[in-house]
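What follows is a set of notes on a single structure, which appears directly below.
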Amino acid sequence: LSAIQRQTADIRFAAPGGVFLIETGDHVPMLSATDASLGTQLIRQYASLGAIVVHQPDLLPAADQAGLTVHTLCFQAVYPSPHPLPLHCPYPITPLTQEDLPDVMAHYQLIRDPRRLLELIARGHMWGVRDGATLMGFIGIHGEGSMGLLEVFPPYRRMGLAYALESYLI
């Protein structure tokens with residue numbers, strides 16, 4: 001819905017049982033279908049795009065059959081309060097810079113194109129938590145507007161940093 005609300009959606013199909021669109025910022029194909037047969041049909045129709053974000057887990061078998069076999073499970077949530085979450089983090093959270101790209105590339109596996117990551121950094125859509133000059137983790141906003149890109153580096157896990165990054169971004 002965010003892509004539609006921000007008017008960055010190229011809606012290719014819309015009907016009461018489902019919608020297929022391409023988010024124009026990151027060119028991400030997205031499918032949401034409450035009608036499983038319609039969802040399967042749309043997956044087959046658009047599988048040549050090479051990747052589709054599917055919002056219903058029961059459509060994953062159809063994606064597998066269409067040759068779209070890499071799955072990354074994501075969770076979606078809404079924070080409806082107009083008030084920010086309390087931020088309890090002893091470390092500063094600051095925007096990432098171009099100099100942070102090697103650390104991001106070394107730890108984040110879902111976006112491997114450094115140009116896409118640099119674009120997000122340049123837009124001011126990525127933040128990191130630091131201990132002095134040491135980057136301990138980061139979070140960002142995907143091109144379609146969702147929170148993501150969350151990674152806390154192994155030595156700094158179990159310290160509440162992911163929660164702090166999410167709270168900061170909310």
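The values are calculated or read from the model by the stated rules, or taken from the named source; none is laboratory data. Because the structure is predicted, anything quoted here is derived from the model rather than measured. When we count neighbours, we look across all protein chains shown, and the Cβ atoms used for this are built from the backbone with ideal geometry, even at glycine. These accessible areas exclude ligands, DNA and RNA; they are computed on the full protein's heavy atoms, side chains included. Shrake-Rupley method; radii C 1.70, N 1.55, O 1.52, S 1.80 Å.
Look at the stretch 130-159: where a residue is of a type in the set (Lys, Arg) and a partner is open to solvent by 40 Å² or more (accessible area, probe 1.4 Å), sitting 6+ places away or on another chain with Cβ atoms under 9 Å, you get 130/91; 130/92; 130/94. Return yes or no: is residue 62 touching a Ser or Thr at 6+ places or on another chain (Cβ under 6 Å) and at pLDDT 80 or above? The answer is yes for residue 62. Of the helices (runs of 4 or more DSSP H) contained entirely in the stretch 1-116, those carrying at least 2 residues that are out of contact with any Gly (no Cβ under 8 Å at 6 or more places or on another chain) and closer than 23 Å to residue 151 by Cβ fall at 101-107.
A single entry from 73, 101, 117 fulfils the requirement of being open to solvent by 90 Å² or more (accessible area, probe 1.4 Å), closer than 29 Å to residue 30 by Cα, out of contact with any Ser or Thr (no Cβ under 9 Å at 6 or more places or on another chain) and of a type outside the set (Asp, Glu): 73.
Yes/no per residue for (1) under 19 Å from the mean Cα position of the chain (by Cα); (2) among the hydroxyl-bearing types (Ser, Thr, Tyr); (3) closer than 18 Å to residue 14 by Cα:
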| site | (1), (2), (3) |
| --- | --- |
| 34 | no, yes, yes |
| 46 | no, yes, yes |
| 60 | yes, no, no |
| 67 | no, no, no |
| 76 | yes, no, no |
| 79 | yes, yes, no |
| 85 | no, no, no |
| 91 | no, yes, no |
